[in-house]
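Asker: One structure, as structure tokens, below. Some questions next.
Just so it is clear, none of the values below were taken in a lab; they were calculated from the coordinates. Note that the coordinates shown come from a computational prediction; the quantities given were computed from them, not determined experimentally. Please note: Cβ atoms are built from the backbone with ideal geometry, for glycine as well, and neighbour counts cover all protein chains shown.
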Amino acid sequence: MVGTGGPVSTFSVWDYVVFAVTILGAASIGLFQAIRGRKETSSAEFLLGGRQMTAVPVAMSLTASFMSGITVIGTPAEAYRFGTAFWLFGFSYAIMSIITAELFVPLFYRLAITSAYEYLELRFNRIMRLIGTSMYIVQTALYTGLVIYAPALALNQITGLDLWGVLVATGAVCIIYCTLGGLKAVIWTDVLQMVIMLAGFVAVIARGAVIQGGLSTIWEDAGQGGRLEAFDFDPDPLKRHTFWTIVIGGSIMWVSIYSINQSQVQRYISCKTLGHAKMSLYVNMVGLWVTVSLAVFSGLTMYSIYKNCDPLSNGDISTSDQLLPYLVMDILAAYPGIPGLFVAAAYSGTLSTVSSSINALVAVTVEDYIFPFYKDFTQKQVTWMNMGLSVFFGGLCIGMAGVASAMGSVLQAALSLFGMISGPLLGLYLLGMLFRTANSKGGLGGLIIGLALTLWVGIGAQLYPPTTDKTNLLHTSTAGCNKTMDRNSTTAAPWTSPTILTPKPAFRPPLADTWYSLSYVYFSLFGMLTTIIAGLLLSIITGGCKQKKLNSDLFVRKSDLICFRGCRNSKESDEMEKAPADLHMGVDNKAFTAMDVMSKGSEHATKL
């Protein structure tokens, strides 16, 4: 009987068929893009889609890139155990979209970059660029391996799918369409995978509504269980999720992901116009709202069904990561193929993240490590190099998934590392974009200080997780279970996916309940502010940039900001009126214009 605990069914033949067809469909898109673009083999075509992408597919790709399998499985479990506070990230998505679209996109478009870390060399020096690239490669390879491993582990224990078979298959499919199709294949595959992810959530909600007697019943059960108390205005920075931690800290965390992470930057600079690039971020914002809303409501559906028999407390599953897969097999096993659709949804998130990471890793390696030192490659050599690096990084990510299987509790530390690195890097970019006084010495010193302090608080939080009064873990019951089982109490880890648990250590040092209990959502904000403040002070001490003439294109302009666009001087307005119509939409991207000259020989491009 649904919702009373005990073992659940495993995959049927039709579930395997649906799952296999989905993966093969993703690979087919890559093959199609490879065949369609077989005559367009330039590096710009492979890494940036020829800078001809439009807003909607790029927006869906942006959304899918970080809606990984961890998100598909973890967000519903978060709502089930902690309530709907996670939905407040919708405010963070809006703030992130505005900041990224209005500050970072015009800057990167103006500079015609391929690698986001080119900016660090233009603003500071080549050493800073290589440091930024190296940090990105380490965090991305490790994070991507974990993205492959985490949902595979959860689904293996619920569905019976072979763990290592799925790991290798996931990596192999991504390698195929990344290697053959380049960024276009990644983006169009992400579009398909986004649709599948949303369909998986809808299937869970629809079936749950039928079982419980309607959506209103689910909502009422959630309210009675305390799951709808989302707005907590407590200013305490040690509380895991409050309105302030999510809206302020969460906004900076997502800005660090979307504004300077190569996987995301590479997408919006692939758009054919600046207008399309900005629009892709705003459409992506809507996509994030829809996704998080469906994911959270899936968690409320799960609570309504299991309000009297928590599978985790009852011993039916071993980790909270397995809650949603367990629910799917419990309520949808009677409909052959639908559980397969859910598994496809979870793995679509994984595939999109992995493929995005592989393509971005190739881009930064070529642009930051190879081209600056040696450019005398033929076009054919560049093509083979891009494809070879795709295979290499795909294999590396699979290998990192293997390493993750032996990590145990270090899995949590590795996931937290992704967030802790982004904050200091964002601080370095803002230091360069906003302050002319900042120099390379100050930037390097600020980055080191910011990274060291953020790693200190993050690793301390891993070793000594906060107590339950800071995490707001809500009550669950086993009164309605067919069987009950005592389990050791655990505390939610503050630095990673909210579904991962960490045993409470016996000894807690004095810093454990203060410094180490800082909300994980504030890590990026803390790292950013520390880097900026330390970088400015060190730059002033070391003389600033008085003797170095800096290009004004490297800084944020008033004209980039919405509030100043109506205040252009008359000369600037006259120039805009005389410019071709498409220039208003951003086809002043230097890299796009150069490609346009070579490929189309347009009159406008020739004049430019």
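Asker: For a quick check: sort SER440, SER318 by the number of other beta carbons within 10 angstrom, fewest at the front.
Answerer: Numbers: SER440 20, SER318 13.
Taking fewest neighbouring Cβ atoms as first place, the list is SER318, SER440.
Asker: Still on this structure, I have one more. What's the exposure ranking of LYS375, LYS278, going from fewest to most Cβ atoms within 10 Å?
Answerer: Numbers: LYS375 8, LYS278 23.
So the residues, fewest neighbours to most, are LYS375, LYS278.
Asker: Just how far, in whole angstrom, is segment 96-111 from segment 271-310 if you go by their alpha carbon centroids?
Answerer: After rounding, the separation between the Cα centres reads 23 Å.
Asker: Let me ask you something else. If the chain between LEU463 and LYS558 were fully stretched, how many nm would it gain, using 0.36 nm times the residue separation less the Cα-Cα distance?
Answerer: 29.7 nm
Asker: Calculate, in nm to one decimal, what TRP515 and TYR282 gain on full extension: separation in residues at 0.36 nm each, minus their alpha carbon distance.
Answerer: 80.3 nm
Asker: According to the square roots a ≥ b ≥ c of the eigenvalues of the Cα gyration tensor, what is the shape class of segment 197-292, taking rounded for a/c under 1.5, prolate for a/b larger than b/c otherwise, and oblate for the remainder?
Answerer: oblate
Asker: Multiply the residue gap between ASN482 and LEU215 by 0.36 nm, knock off their C-alpha separation, and tell me the result in nm, one decimal place. Walk me through the numbers before you get to the answer.
Answerer: On the way: separation 267, 0.36 × 267 = 96.12 nm, distance 2.60 nm.
Between ASN482 and LEU215, full extension yields 93.5 nm more.
Asker: Evaluate E = 1/(1 + (r/R0)^6) for ASP234 and PHE371, where r is the Cβ-Cβ distance and R0 equals 56 Å; express this FRET efficiency to the nearest 0.05.
Answerer: In this case the efficiency is close to 0.65.
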